[in-house]
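S.K.: Quick one: the structure is below, questions incoming.
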Amino acid sequence: MRYVSCRDNQGGVAEDSACSHLAKPPAREVCSVVACGQWKVLEWTSCSVSCGQGKTTRQVVCVNFSDQIVDVVECDADDRPATEQECAMSQCPAARSSDSRPLPSPSGGPRNNLPTTADGRGGGRAQAHQWRTGPWGACSSTCAGGFQRRVVVCQDENGYAVNNCEEHSKPIEQRSCESGPCPQWVYGNWGECTKPCGGGIKTRLVACQRPNGERFNDLSCEILDKPPDREQCNTQSCPSNPHWSTDPWSSCSSACGKGSKNRKVSCVTRSGRPVPEDNCKHLTQPSKERSCRGRRCPKWKAGSWGECSASCGNGIQEREVFCEVGNRRSPEETECPPSSRPASSQTCRVTDCPSPYRWSKGEWQSCSKSCGSGHRRRAVLCMDQTGEEVHEMFCVDQRRPDDSESCNTHVCEFIWITGDWTECSASCGQGYHRRLVSCSEVHAGNDNYEYGHQSLSNCPGTPPESYMPCSQSPCPPTHEWRVGVWGPCSVSCGGGVMERTVQCVSTEGQGSDSCPSETKPEASKVCSSPACELHNSCHLPTSCSDVQSLSGVQPDGEQFLNVQGKALKVYCAGMQTDRPQEYLTLTTGEGENYSEVFGFRLIDPTQCPANGTRREDCECRRDYTAAGLSTFTRVRLDLSKMHIITIDWQFAFTRDGHRVPFATAGDCYSAARCPQVRTPLPRARPPQLMYHQPPVV
């Protein structure tokens, strides 16, 4: 059913007579729903065996409330009743010979269908005489409890029946079992009566089922206790000439504006006695409600906006707002709702005031990429009336034009390009040719391609070969001098001699006498060790303070110290003070012993220009506040912790910006994968020296 009413132009409900010239749409129509399914079970079949344990089955179908079979998809698959169960018949008679020996099995041995011992264990060598049990049979009842039985016999170790087992240990032959509750009659609510009077029929669903909803046929429940599924209703006699009676309309529900009126509509007999409305449903029922309108409600009225208070820039404009009741203006605004009062003032802007400052845009630079979405930039400056550049704060009230944008967003195409093969790398024997192989972008209208630095993964397929073997005429046999490593010095201290092996060999490694004697390397040379008294490190001082204590005040210089049991050359500084300090001399000097934080930053941090090299003539800003460059000739050594003190500046020189600790480097040059600053490390370290490099900036 649906609600159908007559409406006026404003959407209000009107009398049905106002729409009498139009066809009234139907307010009800016939509908149908898919029948709900429920499981129905048929009778169990006979047990599959005449004795012992077997199985019984039954058919389970899906039916609707009219008991018609429907598709199984209409029933809940999770609640489908079982279609088979075990059943137990009487015990089968045992077939034995006259001497009580068990019947032979097909293989020739004694038959034994009772493998379980009295204590529940099966298999293994049993005792002389034991109770043996068979499996439990099916429950004697399908609901409300029953019993089940099993066979218990006394057998010897060979499986023959005997009678001398202990009676007190005999297992039970029968036990109770529970098969779930029995189905009971359940019923639903009564439906509507088929007649409002004169005797009708009402029905309800009555089913035989378990508490879990499993349905059974009616014979599974006590048929004599089945509740009725239909009965008579509305047996009273029908009234004569029933008709609709209406009461007067009520007053309008709204004092102002749109509202509604209501009235009571009832079904009565000719004598005016009320009867149920079903007796009048064959007649058109009069409307119980209709729209109405009271006096005009108070409402806000607003005049036209006045002129803006400013001829340029931001100003204020106002208008008159008052409360109108009917056709008169209310002296007070209390009759109109304050929440819906229109605004009486608002901001306005006739035009922008001329500014002495403006943004100036430069020409766009070339795109950073020819394809694959690059970027291009332009200069955007704040200028005054004379064309001079001023600080951007003077143009803050104007929209700043973009100084960068995307360009060449089309997808790149790549091809393999190869150079010419080089000459063979060998003038004789085996060698190789070499050529350049590069992945290059395809440029429209350009047939000449340059060797680029694109990733090889951008090009399709396998790259062409860059090496090719080559063969020349066989090489003439050659001979050369080979030398061994120098042996130890012939003396432990002072001057001595050390030797090495020198041998002439051919290209095949065979000894030869064909090498020129004038190019023969020396086989021995003079060697020397530190002073004999220094060779014994046990007698060396362990710090510069020990040197000062042993030798008195002396100039700063290199000294041999005993560092962890070995003689190490250390520079002693501050020997004229009471706290001398140890330093390691960096033999390569300032050229390679420096620390730097690069101060240049690319304007476009996504680039890596100049073919991956860092240059100071780049399009950069030099505004990195942590930048600096320090060079070192010596670094301080903490002998107690065996650490390098990286922030000692006595033998360091800061050439630019801030001091940068030893072995520290960093930059903010680019956010792309550009090479980082090379950090030089000391060329030599003392034994067991723990070298700690600070984190990169």
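The values are calculated or read from the model by the stated rules, or taken from the named source; none is laboratory data. Because the structure is a prediction, the values reported are computed rather than measured. We place every Cβ from the backbone using ideal geometry, glycine too, and count neighbours over all the protein chains shown. Calculation scope for accessible area: heavy atoms of the full protein, side chains included, ligands and nucleic acids excluded. Shrake-Rupley method; radii C 1.70, N 1.55, O 1.52, S 1.80 Å.
S.K.: Work from the charge dipole of the range 469-524 (Cβ charges, +1 for Lys and Arg, -1 for Asp and Glu, about the Cα centre) and give the residue of S473, M498, S517 farthest towards its positive end.
M.R.: Going by the charge dipole, the pick is M498.
S.K.: Starting from 0.36 nm per residue, how many nanometres of slack lie between K569 and S355 once their C-alpha separation is accounted for? Can you show the working numbers first?
M.R.: Working: separation 214, 0.36 × 214 = 77.04 nm, distance 7.39 nm.
Stretched fully, the K569-S355 segment lengthens by 69.6 nm.
S.K.: Oh, and also: Measuring from label point to label point, each 7 Å out along Cα→Cβ, what is the V162 to T588 span in nm?
M.R.: Placing both labels 7 Å beyond Cα along the Cβ direction yields 9.9 nm.
S.K.: A further question on this structure: In whole Hz, what ³J(HN,Hα) sequence does the range 618-635 give by Karplus (6.51, -1.76, 1.60; θ = phi - 60°), x for Gly and Pro?
M.R.: 7, 7, 10, 10, 9, 10, 7, 5, 8, 5, x, 9, 10, 10, 9, 10, 9, 10
S.K.: Moving on to the next point. Would you grab the residues whose amide H sits under 5 Å from the one on C6? Only those 5+ places off in sequence or on another chain, please, with H modelled 1.01 Å from N.
M.R.: A14
S.K.: Would you be so kind as to identify which of G188, A144, G200 lies farthest towards the positive end of the dipole of the range 121-252, taking Lys and Arg as +1 and Asp and Glu as -1 on Cβ and the Cα centre as origin?
M.R.: So the residue we want is A144.
S.K.: Label V265 and C36 with points 7 Å out from Cα along Cα→Cβ: what is the distance between them in nm?
M.R.: 3.3 nm
S.K.: Please report how far the C-alpha centroid of the range 400-434 lies from that of the range 287-329, rounded to the nearest whole angstrom.
M.R.: Using only Cα atoms to place each centre, the spacing works out to 76 Å.
S.K.: Mind ranking D67, D513 by accessible surface for me, highest first, 1.4 Å probe? Present the calculation step by step, with values, prior to reporting the outcome.
M.R.: On the way: D67 85, D513 155 Å².
Ranked from most to least accessible, the order is D513, D67.
S.K.: Would you mind getting me the FRET efficiency between H643 and H539? Use the beta-carbon distance for r and R0 = 35 Å, nearest 0.05.
M.R.: 0.85
S.K.: Same structure again: Which whole-number percent is the relative contact order of the range 318-368 (Cα, under 8 Å, 6+ apart)?
M.R.: So the answer I get is 31 percent.
S.K.: Let me ask you something else. Taking only protein heavy atoms into account and a 1.4 Å probe, give the accessible area per residue of the range 241-395 in Å². Show your work: numbers first, answer last.
M.R.: Numbers: 10510 Å² over 155 residues.
I get 68 Å² per residue for this part.
S.K.: Right, another one. How far apart, in nanometres, would the label points at S311 and E518 be if each is projected 7 angstrom from Cα along the Cα-to-Cβ direction?
M.R.: Simple spin-label model gives 10.5 nm for this pair.
S.K.: In sequence order, what are the phi-derived ³J(HN,Hα) couplings for the range 208-215 according to the Karplus relation 6.51 cos²θ - 1.76 cosθ + 1.60 with θ = phi - 60°, rounded to whole Hz, with x for glycine and proline?
M.R.: These are the phi-based 3J(HN,Hα) values: 9, 7, 7, x, 7, x, 5, 8 Hz.
S.K.: For R377, what residues show an amide H to amide H distance below 5 Å, using hydrogens built from the backbone and excluding near sequence neighbours?
M.R.: Residues meeting the amide H criterion: Q365.
S.K.: Could you check how much of the accessible area of the range 141-257 is carbon and sulfur, as a whole percent, using a 1.4 Å probe?
M.R.: The value for the range 141-257 is 46 percent carbon and sulfur by accessible area.
S.K.: With r as the distance between the Cβ atoms of N217 and C92 and R0 = 30 Å, compute the FRET efficiency 1/(1 + (r/R0)^6) and round to 0.05.
M.R.: E between C92 and N217, to the nearest 0.05, is 0.40.
S.K.: Which of the pairs K520/K569; K202/K226; K40/K226; K566/K641; K264/K299; K261/K281 have their Cα atoms more than 27 Å apart in this structure?
M.R.: K520/K569; K264/K299
S.K.: With +1 assigned to the C-beta of every Lys and Arg and -1 to the C-beta of every Asp and Glu, and no other charges, what is the dipole magnitude of the range 235-345 about the Cα centre in debye, to the nearest 20?
M.R.: 620 debye
S.K.: Oh, and also: Set the Förster distance to 45 Å, then compute FRET efficiency between R293 and T235 from the Cβ-Cβ distance, nearest 0.05.
M.R.: 0.40
S.K.: In terms of modelled amide H atoms, which long-range or inter-chain residues lie less than 5 Å from the amide H of G37?
M.R.: Amide H neighbours of G37: none.
S.K.: Here is a further query. As a test question: what accessible area, to the nearest 10 Å², does K264 have when a 1.4 Å probe is rolled over all protein chains in place?
M.R.: K264 has an accessible surface of roughly 130 Å² with all protein chains in place.
S.K.: Enter the accessible area per residue of the range 1-92 (Å², integer; probe 1.4 Å; all protein chains in place).
M.R.: Accessible area per residue, the range 1-92: 75 Å².
S.K.: Taking 0.36 nm per residue of separation and subtracting the Cα-Cα distance, what length does fully extending V526 through A18 add?
M.R.: On the way: separation 508, 0.36 × 508 = 182.88 nm, distance 13.30 nm.
Gain on extension, V526 to A18, equals 169.6 nm.
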